[in-house]
2 protein chains.
Amino acid sequence: MTKLRSDETVTMQSVAVAAGVSPMTVSNTFRYPERVQEETRQRVLKIAAELGYIPNHAAGNLASGQSRVIGAVIPSIKNSSFYNYVRGMQDHVATEGYQLILKLADTLSQEASAIRTFVGLRVAGIALVGDEHESDVKTLLRKTGVPVVESWVHENPFDMAVGYSTSDATRVITELLIERGYRRIGFVGYQGDVSSRFTERVPTFKQSMEKAGLDSYRIFLVDQADGFGAGPKALEGLCAIDPDLDAIVCPTDIVAAGVLFECGRRGWKVPERLAIAGWGDYEIASEITPGLTTVQPHSYEMGQRAMSLIIERAAGSGATGMMVDTGFHIVKRASA
Amino acid sequence: MTKLRSDETVTMQSVAVAAGVSPMTVSNTFRYPERVQEETRQRVLKIAAELGYIPNHAAGNLASGQSRVIGAVIPSIKNSSFYNYVRGMQDHVATEGYQLILKLADTLSQEASAIRTFVGLRVAGIALVGDEHESDVKTLLRKTGVPVVESWVHENPFDMAVGYSTSDATRVITELLIERGYRRIGFVGYQGDVSSRFTERVPTFKQSMEKAGLDSYRIFLVDQADGFGAGPKALEGLCAIDPDLDAIVCPTDIVAAGVLFECGRRGWKVPERLAIAGWGDYEIASEITPGLTTVQPHSYEMGQRAMSLIIERAAGSGATGMMVDTGFHIVKRASA
DNA sequence: AGCCGCAGCTCTTCAGCCGTG
DNA sequence: TCACGGCTGAAGAGCTGCGGC
């Protein structure tokens, strides 16, 4: 004997004794119900419930090398952008008898630490956002062979990916503004080390403008951490480039809302003085006045598909390199 | 032999062989570095890194009966209300060498399922929000003896609690409105099965009004799921009770922002025609115009203290029944 | 002081038992 | 004779507590 664990610890063994069966029958009752006679099963289940028995996942994981837990790393919960993504993941795993656990990571090194925790836990799979990760953890993930899905990623998956083309969406929303007659269009991006799902929009914006014979120099970068506060800064920065700016493309609806609030302070009419396009179709986009014209990624579906890719792999089918395009659409409201 | 695991699985054993030491020395290197000679430790660490070794938490948990993982159940990430709470938790556990994992649960039964997952994982402790939980899981938690902290709870903890008095905050914000000369004050609450941290505000509001000799019948309940949309509904409902309503107390800044947007649509000046008080000091409270006067709970500290209570208990000190009051303060802005 | 061997944590895989048709 | 349904026992899975050298 080694441990000074309380004697009252409820184990499979104690359930077995109380139910008058072997531990194996208890195990089978939970894992392969069809292998156990109805009557026996009911008895075991009843006893287990009475004793408050919950199978020790650590022991099961160790013995079987399998897990029904999937880990997801989420960049932030500061705003609602990942709400539907997480709901999609959660709803899908529930239907398959899996469990989802989350870790938050604002930076690459936090992401790396979260991944190490998940690997230590020997989860069935890992869902990441974006395609930039520390090279050490990439090596680690390769070595362990755990299924990994990158979300919001549209090409060159590390393992598997689910997402949509931010380039396509940038082109479509820019062309929409051009079509509606705006000419002096400004673009707001994020500065510093941000995900490529933001940085790859800039060249596409330029191309779309140039293709229409328009100038593409109205570009201003803000700090991703600024939230709503980025709006006023962006507007000021773009007005310094061109005081006659007539439209603005924002990296998120939060920034767009910040711009809209600032227009309110300045007494600028939207969209008459300035048209505003957002990104993400957050709840606020439909609630403020005027409503925000914005890109709606299909985040809920993205979450669902991310989980189904992992579960398929864990179940034996599925393969590395799989990619799913969940698309996007433009929600047209009054702001642009 | 049992498993058909890949032979390349990196275990403590394989690290030990490669480093020319026993498995126990590898174990000590990770868990009790001071027990191992500097030179040996460096060698083991180097080999471990080369092989991409991550200790199997399941095996360690099983062998030691301990865990460095803490589970937290969060009601929602739809808006930013729990952002600082989670940051506080995460920052604190990191300093203590623990890891935080999250599960989202919108309903009591989802919470129960999340708790069962955490118990199955044999986490070191569990952080919950609010004081309402399924009675089955309460029994289960009692039986397992896992440390549990309830947050946003100010009295009668199930095990331990950290929070502030929503009653006190309701009184203070109501008295602020009265002091500022508002008389026809309306109160917005949530209908249905919501946490007591919302329901207990109603009686306090009534008391505060009556104590000042004012009418307290201007009360309207909205659906918690409505988000910003609850604002217009609440305003309409309260105007039906009293068209000359001059101030409104909202359950969250989101609802308050919804009311503010609706005032914009109606052409009502804030706070001249209607004063608005929010709750939570979300990011939007300082960004919209006018800024929202609101209750600022010290969520970051709440998260930190929740984790320290759990870690103390896991480390042997600490006791059931512990409670921490993290307080609150009122942020005065232009809306009221 | 620094390092090691043994036994054991709880569960699952697999082989096999026993009685029946 | 064998197949099959329902159950069981032995042997680890990878790690750590403890005592020994």
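The values are calculated or read from the model by the stated rules, or taken from the named source; none is laboratory data. Here the structure is a predicted model, which means the values were calculated and not measured. A quick note on method: Cβ atoms are made from the backbone with ideal geometry, for glycine too, and the neighbour counts reach across all protein chains shown. Surface areas here come from the heavy atoms of the whole protein model, side chains and all, with no ligands, DNA or RNA. Shrake-Rupley method; radii C 1.70, N 1.55, O 1.52, S 1.80 Å.
Explain nothing, just the number: relative contact order of chain A, from Cα pairs under 8 Å at least 6 residues apart, as a whole percent. Relative CO of chain A lands at 17 percent. When chain A is treated as a GNM with alpha-carbon contacts under 10 Å, the residue of A:E155, A:E175, A:E96 showing the greatest mean-square fluctuation is A:E96.
Our summary gives segment A:12-55 a relative contact order of 40 percent, counting only alpha carbon pairs under 8 angstrom and 6 or more residues apart. The orientation-averaged projected area of the convex hull spanned by the Cα atoms of segment B:12-55 comes to 2.5 nm². Which of rounded, prolate, oblate describes segment B:166-297, given a ≥ b ≥ c as roots of the alpha-carbon gyration tensor eigenvalues and a/c under 1.5 marking rounded, otherwise prolate only if a/b is larger than b/c? Since a/c stays below 1.5, the shape of segment B:166-297 is classed as rounded.
Largest GNM mean-square fluctuation across B:E150, B:E236, B:E50, computed for chain B with C-alpha springs under 10 Å, falls on B:E50. For segment B:185-294, the set of chymotrypsin sites (Phe, Trp or Tyr not before Pro) satisfying both a DSSP loop assignment and a count of at most 13 other C-beta atoms within 10 Å is given as B:Y217. Estimated from helices alone, the mean residue ellipticity of chain A at 222 nm is -13500 deg cm²/dmol (sum of -39500 (n - 2.57) over DSSP H runs with n ≥ 4, per residue).
Relative to the other identical copies, A:R35 shows label-point distances of 3.7 nm, where the label point lies 7 Å from Cα along the Cβ direction and values run shortest first. On full extension, the segment bounded by A:N156 and A:L108 gains 15.4 nm, given 0.36 nm per residue less the C-alpha separation. Compared with the alpha-carbon gap, the fully stretched path from A:L51 to A:T199 is longer by 47.8 nm at 0.36 nm per residue.
Roughly what % of DSSP beta bridges within segment B:1-132 run antiparallel, to the nearest 5?
About 0 percent, rounded to the nearest 5.
With both bridge residues required to lie in chain B, what share of the DSSP beta bridges run antiparallel, to the nearest 5%?
10 percent
Considering only A:A285, A:A49, A:A94, the Gaussian network model of chain A with Cα springs below 10 Å gives its largest mean-square fluctuation to A:A49.
Expressed as a fraction of 2.2 N^0.38 Å, the value expected for a compact globular protein of N residues, the C-alpha radius of gyration of the protein assembly as shown is 1.05. With the simple model of a label 7 Å out from the Cα in the direction of the Cβ, A:A334 to B:K138 spans 4.9 nm. Two-decimal Rg/Rh of chain A from alpha-carbon positions, Kirkwood Rh? Using only Cα positions, Rg/Rh for chain A is 1.12. In this structure segment B:1-84 gives 58 Å² per residue of accessible area when probed at 1.4 Å with all protein chains present. With the simple model of a label 7 Å out from the Cα in the direction of the Cβ, A:Q191 to A:E175 spans 3.3 nm. With a 10 Å cut-off around each Cβ of A:109-121, the average count of Cβ atoms from other chains is 4. Straight-line reach from B:K233: taking Cα to Cα under 27 Å and skipping same-chain neighbours fewer than 8 places apart, the lysines in range are A:K78, A:K269, A:K332, B:K78, B:K206, B:K269, B:K332.
From other protein chains only, count the Cβ atoms within 10 Å of every residue's Cβ in B:72-83, then give the mean. Please list the in-between numbers first.
Values: counts 1, 0, 2, 0, 5, 14, 9, 8, 6, 1, 1, 5.
Mean inter-chain Cβ contacts per residue within 10 Å come to 4.
Scanning chain B for trypsin sites (Lys or Arg not before Pro) lying in DSSP loops with no more than 15 further Cβ atoms inside 10 Å, the longest uninterrupted stretch between such sites is B:6-179.
Computed over segment B:239-335, relative contact order equals 28 percent, with contacts defined as Cα pairs under 8 Å that lie 6+ residues apart. Taken about its Cα centre, chain B carries a charge dipole of about 500 debye when Lys and Arg each add +1 at the Cβ and Asp and Glu each add -1 at the Cβ.
When DSSP beta bridges are restricted to pairs lying wholly in the protein assembly as shown, around 15% turn out antiparallel.
Each part gets one Cα centre, and for segment B:124-155 versus segment B:216-251 those centres are 33 Å apart.
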